[in-house]
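Only the coordinates and a few stated rules stand behind these numbers; no lab work does. Being a predicted model, the structure only gives us computed values, none of them experimental. Note that each Cβ is placed from the backbone with ideal geometry, even for glycine, and that neighbours are counted across all protein chains shown.
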Amino acid sequence: MTEPTGARPAPTQDQPWPAGRRELPKTYDPKTVEEPTYQRWLDEGVFRADARSGKPRWSMALPPPNVTGSLHIGHALDHTYQDYLARFHRMRGYEVLWLPGMDHAGIATQNVVERELAKEGKTRFDLGRDAFVERVWSWKAESGGRILGQMRRLGDSVDWSRERFTMDEGLSRAVREVFVSLFEQGLLYRGQRIINWCPRCLTALSDIEVEHEEVPGELARLRYPLADGSGWIGVATSRAETMLGDTAVAVHPDDPRYRHLVGRTVRLPLLDREIPVVADDAVDREFGTGAVKVTPAHDPNDYEIAERHGLDKVNILTEEAIVNANGGRFEGLDRYAARRAVKAALAELGLLDQVDHAPHSVGHCYRCRTEVEPRLSLQWFVRTRPLADQAMAAVRDGRTRFEPERYTRTFFGWMESIRDWCVSRQLWWGHRIPAWYCPDGHVTVDREDPPKCSECGATDLRQDEDVLDTWFSSGLWPLSTLGWPEETQDLADFYPTSVLVTGYDIIFFWVARMLMFGCHFRPPAPFEVTAIHGMVRDREGKKMSKSFGNVIDPLELMDRYGTDALRFALIRGANPGADVPLAEEWVEGARNFANKLWNLGRFVLATEPGPDVSPPGLPAPAQEATALADRWLRSRLERTRAAATAAYQDYDPAEAARVLFSFAWSELADWAVELAKPRLAAGGDDARHAWATLAEALDTTLRLLHPVMPFVTEELCRALTDAATITLGPWPAARPGDADEAAEADMADLQEVIAAVRRFRAEHQVPPARRPRLTISPASQAQAELFQSEAESVRRLTRLESVEVGPAPAGGRRGEPEGPGAAGPTAKLLAAGAELYLPLEGLLDLDEERARLRRELEALAQERARAEAKLANPSFVEKAPAAVVAKARARLAEVEQARAKVEAQVAELG
Ligand SMILES: [Zn+2]
Ligand SMILES: [Zn+2]
């Protein structure tokens, strides 16, 4: 993409909005500004992408929130991050498409509606499939999509005219096209495999829908007698009930302990089935007894062993995880009751050796927290290996990349170990699988509903009951939302998308799937960049969760502090790819920042020197203006602009926020305004230069902040200039000529001098009404000229009677009345290499001040003695906790520092 040039357009664009400089209310009230501003943006269609505009294009698909969702703090970060990118590019002159929409969220939504039905005492089966799906649609129409309204509050600059839903007709067509194509290409198949099964949701889950968690489990050691009565083999298991489904015992072929048993049979206790002892390389000789029980229908590794040895696969559980008829007398028990009963029965037979506590990791359903049961089941799978290889190739050859780059490794790690993806779900809410079966069991997969079996021509076809995994359709999101598989104009204009923003937690869930589908079906890739941010955590870096009681509600924060404050606090903490700490007082601090900007705007509006210099728009800062304050401010502004722009561009909005905050707060609002006040008051050309420079700096700063704080910046810029909106830019253009190292160095000297006098006044508690005379003895001729020309600034900013630049007061000896101009004792300060002399007459009572400082020194000396004695005591140093000792040492260092400071103050007094 080429970068558009950012020249400021003439102020007479055909913008119908009322604008122009106007008065601002005393305080910034987000409530009265945010909603009308957002509505105005919508009315004017500034977020609507128009590919015919001739501008370079920039596009991004919003990760579709679940239709059941509502805005949480994670969304607030994710959306603010995306909004910064969208607004930044829009202001820079790109035609931006940020496409919103929602996900039908299969299991989540079905659970919500099922819970609703449960209140009426009904299940989905009472309604039947069609009525139930109808019910979900009407739930969606009424209560779904609350989050869309909340996105407005957050200021999301999305193109609402292109809003999509994963179950839209068009998106459903894309899903079907992909299913059928993958089937035709041999990349999708139906087969019996061990899958993760949720016995509560009654559906298969993909590997990533299973959350692993440590549970306080056990390891039971069982004895399996050899069939000929010549002894027994010991095996160990954490799920004793699965022994009902054992079809072999496996040992390692090279294990001398068991070599003689391979090929013989054992008698499976409780069921009296004879099962073989097989030798398999997969057996870990070091684990347990070195012999393992093999349960092919309920364990993925055992399934593999069974495949290699042609073993039976006996399923012992119903879909609800209750023992079925294959479990003999244990039939009807749920898996936990069966576990206890099997152990008791084995113990009675003397076949239970021992049961140890053995915490281990167990998979749980990510939706309902039920323990997942591995289960042999007939499902549809995507053959992921070839797709994953294509996605990895796209990353390797730079068609798509991760920001920050370190996440490439995470991605490769996952893709290298990817397993086939189970995509069928035993749910009713979702895209129904487009496969039909005839009475002979032939499978017909087609883009249109088939009238007859593709193999035998039979017409009584039955469609597969299952729906597709939700991630199947969200994996197509960047493609399907632009109209694919149709060759739409949007697809031609905005694909591949520019950026995909997401938290690192769903790189695999979602990003990997989009890359697999996108690279396969529509090269080069679905997006050029994946920009990754972290998770929002509390101030200590702890995860936010209801059980910790540290959850922050973004809607409440926006009510209390305004949207910009929340956005700024989030972005300021969002270092690339890292977790984002958040505490309420940081949002409060950001609100204060918004207020600071507001006050700046009011100051600038109130101090405008007169109508003769205010044509529409801001006057360009006069080029002939040579005041140091103006040159310095323009230089600092240019550096800030460059740094913020580069940081935004490098996916580091946190850095941009820090740079802008520091410039706006301490340089613009503090120094620049203070320096401008006397000049503005004096009037004339200099006042006009001062005002124009200040106004320009504020306008530029607000534009630079707009991607993060859209509301307050827009409101202020509209009040300051006749801009109808700043959402369309222009982005402040580079002005390399404004960088002025000499001005910055001079200003640094000036600031040092001012700071030294202020510090002296504060430390010696000089009352504000006392106005001393200052003599500056400069270090060089250049400095002499600088202080001469800025003497008035120094005088006003430090509340002095007068400032003179020249040699040290006559006599050169401090503290003594001597020579002409000397008026008694004089303090000497050092700053920027210059010497500063302050006559103390009338400023403070020298004797009293010296006595005060002596008392301070004595107190510090006593404290030092105490601290030293404590640390010299070996029993304290050896016995006290390390942290206490460290604290005592730190305190001693503090006391030393304080002493040095007071001693310097004494020296200043001469
Ligand atoms: Zn579940
Ligand atoms: Zn058939």
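Quick notes on this structure:
- Calculated [θ] (222 nm, deg cm²/dmol) that DSSP helices of n ≥ 4 give over the chain, each run adding -39,500 (n - 2.57): -13000 deg cm²/dmol
- Inter-part distance where segment 549-601 and segment 332-347 are each reduced to a Cα centre, Å: 55 Å
- Relative pair counts by distance (%), Cα atoms of segment 282-337, 10 Å bins: 23, 39, 31, 6
- Segment 501-506 - phi-based ³J(HN,Hα) in whole Hz, Karplus 6.51/-1.76/1.60, Gly and Pro as x: 9, 7, x, 5, 5, 10
- Only Cα pairs under 8 Å and 6+ residues apart enter the sum, and on that basis the relative contact order of segment 203-310 stands at 26 percent.
- Distances between placed amide hydrogens fall under 5 Å for VAL803 paired with LEU774, all partners being 5 or more residues away or on another chain.
- Over 19 Å (Cα to Cα) - which of LYS140/LYS546; LYS542/LYS887; LYS31/LYS546; LYS122/LYS546; LYS596/LYS677 fall in this group: LYS140/LYS546; LYS542/LYS887; LYS31/LYS546; LYS122/LYS546
- For ALA435, distant residues with modelled amide H under 5 Å away: ASP464
- P(r) of segment 317-448 over all Cα-Cα pairs, binned every 10 Å from zero, in whole percent: 8, 21, 26, 24, 15, 6, 1
- Applying a DSSP loop filter and a limit of 16 other Cβ atoms within 10 Å to the GluC sites (Glu not before Pro) in segment 490-564 leaves GLU540.
- Overall form of segment 143-186 per C-alpha gyration tensor (a/c, 1.5; a/b vs b/c): prolate
- Selection of trypsin sites (Lys or Arg not before Pro), segment 522-616, meeting DSSP coil and at most 12 other Cβ within 10 Å: LYS542, LYS546
- Along the chain, longest interval not containing exposed chymotrypsin sites (Phe, Trp or Tyr not before Pro), exposed being DSSP loop plus at most 10 other Cβ atoms within 10 Å: 549-910
- Inter-label distance, nm, simple model (7 Å from Cα along the C-beta direction), ALA642/LEU846: 5.0 nm
- The mean sequence separation of alpha-carbon pairs under 8 Å and at least six residues apart, normalised by the residue count of segment 71-168, gives a relative contact order of 53 percent.
- Enclosed volume per residue, in Å³, of the convex hull spanned by Cα atoms of segment 621-718: 90 Å³
- Three-way shape label, segment 305-387, alpha-carbon gyration tensor, a/c 1.5: prolate
- For segment 202-217, 3J(HN,Hα) per residue [Karplus equation, 6.51 cos²θ - 1.76 cosθ + 1.60, θ = phi - 60°, Hz, x = Gly/Pro]: 6, 8, 6, 10, 7, 3, 7, 8, 10, 9, 8, 9, 6, 10, x, x
- Over segment 372-451, the alpha carbon radius of gyration divided by the compact-protein estimate 2.2 N^0.38 Å works out to 1.53.
- Here, P(r) means the percent of Cα pairs in each 5 Å bin from 0 to the largest distance; for segment 343-392 it is 4, 12, 9, 10, 15, 18, 11, 7, 5, 5, 3, 1.
- HN-Hα J in Hz across segment 138-147 - Karplus 6.51, -1.76, 1.60, θ = phi - 60°, x for Gly and Pro: 6, 4, 4, 5, 8, 10, x, x, 4, 5
- Between segment 69-142 and segment 276-318, the Cα center-to-center distance that results, in Å: 42 Å
- DSSP-defined antiparallel bridges as percent of all bridges, the chain, nearest 5: 70 percent
- Cα-based values for segment 704-847, radius of gyration first and Dmax second, are 21.5, 67 Å.
- In this structure the amide hydrogen of LEU333, modeled in the peptide plane, comes within under 5 Å of the amide hydrogens of VAL323, none closer than 5 places in sequence on its chain.
- Unit Cα scatterers, Debye sum, segment 864-910: log10 I(q)/I(0) for q = 0.19, 0.20, 0.24, 0.32 Å⁻¹: -0.62, -0.66, -0.80, -1.10
- Relative contact order computed over segment 133-244 (Cα-Cα under 8 Å; 6+ residues apart), in percent: 10 percent
- Computed on the Cα atoms alone, the convex hull of the chain gives a volume of 244 cubic angstrom per residue.
- Residue exposure proxy: HIS309, HIS89, HIS298, HIS360, ordered by other Cβ atoms within 10 angstrom of their Cβ from fewest to most, comes out as HIS360, HIS309, HIS298, HIS89.
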